[in-house]
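Asks: If you scroll down you'll find the structure; I have some questions about it.
The values are calculated or read from the model by the stated rules, or taken from the named source; none is laboratory data. The shown structure was predicted, so the numbers you read here are calculated from the model rather than taken from an experiment. Note that each Cβ is placed from the backbone with ideal geometry, even for glycine, and that neighbours are counted across all protein chains shown. Ligands, DNA and RNA are stripped out before the accessible areas are found, and what is left, the full protein with its side chains, is counted by its heavy atoms. Shrake-Rupley method; radii C 1.70, N 1.55, O 1.52, S 1.80 Å.
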Amino acid sequence: MTLSRIEDMKPENVRHHLTHVGLILLAFELVKELVIVRVKNFFADIVFGDGLPFKTYEDDVLARHKDVFEASLLYLRDHFEAISADEMDAIQGLRQYRNRVSHELPQLIVDMVPAQNELMLEKARACLFRLSNFSVSMDIGADPAFKNIDWNTIAGTDLMLLDQIIEQLRA
């Protein structure tokens, strides 16, 4: 039974496992925001002229898959090349793990393998960086004031938030 197994755990291990679960959930929600909301907002309140490679949110994004998250990932991968196939797989893995966490949390607290969770968090952070970097480049990339920026290091507030929380937890 899970309750008796949790009682046998050290309190610091329970806290550590719950902290990691919280970071995974946070990372996924930040990724989801960039994948779904940012893609949808790209099409908001705009009409694209003839000859541009964009039509409508429905035609360009939602037609790719019945699931909005999946459709948006496909759009980011195929149209903008904002993520690679491997990054898309990592994001899907994060999504599956997030779903598992939300449905099997009591068991995961007991059975969690910290090294696997650390690896998942590293992958989530890397994907968040890639999406955040793309988002920032879309927002300001054409501005001449930012022409000398090293785009391999730029990310938005979403990644900064995750990094600040991780740093606070490690302090």
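Asks: I need the Debye-formula profile for region 46-119: one equal scatterer per C-alpha, no solvent, reported as log10 I(q)/I(0) at q = 0.13 1/Å, two decimals.
Replies: Result of the Debye calculation: -0.55.
Asks: So what's the projected area for region 1-79, the Cα convex hull averaged over all directions, in nm²?
Replies: 7.7
Asks: Could you give the nm distance between label points at Ala115 and Lys66, where each point is 7 Å from its Cα heading toward the beta carbon?
Replies: Distance between label points: 4.0 nm.
Asks: Could you tell me the largest-minus-smallest coordinate of the C-alpha atoms of region 1-160 on each of the three principal axes, in descending order and whole angstroms?
Replies: The Cα atoms of region 1-160 stretch 65, 39, 26 Å along their principal axes.
Asks: Given labels modelled 7 Å from the Cα in the Cβ direction, how far is it in nm from Lys147 to Ile36?
Replies: Between Lys147 and Ile36, the simple spin-label model gives 4.0 nm.
Asks: Compute the accessible area per residue over region 8-113, keeping the other protein chains in place, probe 1.4 Å, unit Å².
Replies: Computed with neighbouring chains in place, this is 56 Å² per residue.
Asks: Now a separate question. Quick one: which of 107-116, 121-130, 65-74 comes out on top by average Cβ neighbours within 10 Å, and what's the full order, highest first? Please report the intermediate quantities before stating the final value.
Replies: Details: 107-116: 13.9, 121-130: 19.5, 65-74: 16.8.
Ranking the peptides 107-116, 121-130, 65-74 by packing returns 121-130, 65-74, 107-116.
Asks: For Glu58 and Ile165, what is the calculated FRET efficiency with R₀ set at 41 Å and r taken between the beta-carbons, to the nearest 0.05?
Replies: FRET efficiency, Glu58 to Ile165: 0.70.
Asks: Straight distance only, please: which lysines reach the Cα of Lys32 with their own Cα at less than 24 Å, same-chain residues fewer than 8 apart left out?
Replies: Filter leaves Lys40, Lys55, Lys66, Lys123.
Asks: What spacing in nm lies between the two simple spin-label points modelled at His103 and Asn13, each 7 Å away from Cα in the Cβ direction?
Replies: Each label point is offset 7 Å from its Cα along the Cβ direction, giving 2.7 nm.
Asks: With the convex hull built on the Cα atoms of region 73-171, state its orientation-averaged projected area in nm². Walk me through the intermediate numbers first.
Replies: Values: hull surface 32.1 nm².
The Cα convex hull of region 73-171, projected and averaged over all directions, gives 8.0 nm².
Asks: Using θ = phi - 60° and the Karplus curve 6.51 cos²θ - 1.76 cosθ + 1.60, what whole-Hz ³J(HN,Hα) does each residue of region 154-171 get, with Gly and Pro shown as x?
Replies: 7, 8, x, 5, 4, 5, 4, 4, 4, 5, 5, 5, 4, 4, 4, 6, 7, 6
Asks: I need the fraction of alpha carbon pairs in region 95-149 separated by more than 14 Å, rounded to a whole percent.
Replies: Above the 14 Å cut-off, region 95-149 has 68 percent of its Cα pairs.
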